[in-house]
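Read through the structure below, which is laid out as structure tokens, and then see the notes.
The values are calculated or read from the model by the stated rules, or taken from the named source; none is laboratory data. Here the structure is a predicted model, which is why all the values come from computation and not from measurement. Note that each Cβ is placed from the backbone with ideal geometry, even for glycine, and that neighbours are counted across all protein chains shown. Keep in mind that these areas ignore ligands, DNA and RNA; they rest on the heavy atoms of the full protein, side chains included. Shrake-Rupley method; radii C 1.70, N 1.55, O 1.52, S 1.80 Å.
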Amino acid sequence: METQDRLAERFEPHRSRLRAVAYRMLGSGSDADDAVQETWLRLSRADTSEVANLSGWLTTVVSRICLDMLRTRTARREELVGARLPDRWDGAGPGADGGPGQGAGRAGGDGPGVGADRPRPGTDPEHEALLADSVGRALLVVLDTLTPAERVAFVLHDLFAVPFQQLAPIVERSPVAAKKLASRARHKVRGTPAVDAAELARHREVVRAFLAAARDGDMAGLLAVLAPDVVRRADPAALPPGAPTTLRGARAVAEQTMVFGRGSRRAEPLLIDGHVGIAVAPRGRLRLAITVTVRDDRIAAYEVIADPARLRQLDLAVLTG
């Protein structure tokens, strides 16, 4: 067997790709680090003398680890179904920036390049936000709606071009079944718009103009994109205590949007139930969904959804084109 130093030299060139694969599968920097660390540990214990394609071997191992982690995560979520909704969300308000932080991840052995006394990159919220930006918050949010096997199949094939012959044993399917699994995941990620392409493009520009004005604190820009009789509704959990759940009129809605606009940098357009909407996803984790009604190229109404039960019922997809 190879020495640990030699194995480490062979492993290091693959680390960044393995982490990229794991992050897209798991949506968490700390979890991705854990998966890569476990991959190194398995490599260090394995006899690799017969391994002709180390990159493929490592991709297979990290993917199986991620699949197990996703299955465990899904089981835990099912156990939490029916949990009481908090009185209000900590990052209250449409477009608010924040939300519950992510855990620091599990402790692991010291693989190459990961010292026990070094901070984990994924535990830094700002680093996590940069990771989410690099991948696309909307994509991370939509990937989180897939089953574990669908997510692994989509990430490996559509994002990293892993052939179905290699993908199939990872998801415990035949190559034909793995291809169908990836196709089903792709359809979910892309969604089905409820309007034609031209109207969808117009609505997307309206939503983008709204977000840009909110980010810049541009009152005139907000008033220009809101209909005079616009109505804003919101779940109580999305608002500070005592704030009205319904607001009417462009001026009132724009003024409140200005208050919470700083957090709109964590917001991104996506498809909600076939229409252009907004996801507020700090570090790529969905905290609020905003459904938007556009009429005559202005926002006639929008609703801020924070209730976890309601969020789970939404059909979310990535805006393409």
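What to note about this one:
- Being in contact (Cβ under 8 Å) with a residue 60 or more places away in the chain and under 13 Å from Glu303 (Cβ atoms) is true of Val230.
- Criterion violated by Arg204 - all others in (1) under 16 Å from Gly274 (Cα atoms); (2) open to solvent by 60 Å² or more (accessible area, probe 1.4 Å); (3) under 22 Å from the mean Cα position of the chain (by Cα) satisfied: (2)
- Only one of the listed residues (Arg266, Arg232) is open to solvent by less than 40 Å² (accessible area, probe 1.4 Å) and more than 22 Å from the chain's Cα centre (by Cα). That residue is Arg232.
- For region 290-307, a tally of residues being crowded, with 23+ Cβ neighbours inside 10 Å, touching a helix residue (DSSP H, G or I) at 6+ places or on another chain (Cβ under 7 Å) and within 19 Å of Ala213 (Cα to Cα) returns 3.
- For region 269-310, a residue qualifies if it is under 14 Å from the mean Cα position of the chain (by Cα) and over 11 Å from Val207 (Cα atoms), and the qualifying residues are Leu271, Ala279, Val280, Ala281, Pro282, Arg283, Gly284, Arg285, Leu286, Arg287, Leu288, Ala289.
- Scanning region 48-70 for residues that are of a type in the set (A, V, I, L, M) and assigned to a loop (DSSP other than H, G, I, E, B) yields Val51, Ala52.
- A residue that is touching a Ser or Thr at 6+ places or on another chain (Cβ under 7 Å) and open to solvent by 40 Å² or more (accessible area, probe 1.4 Å) occurs nowhere in region 239-260.
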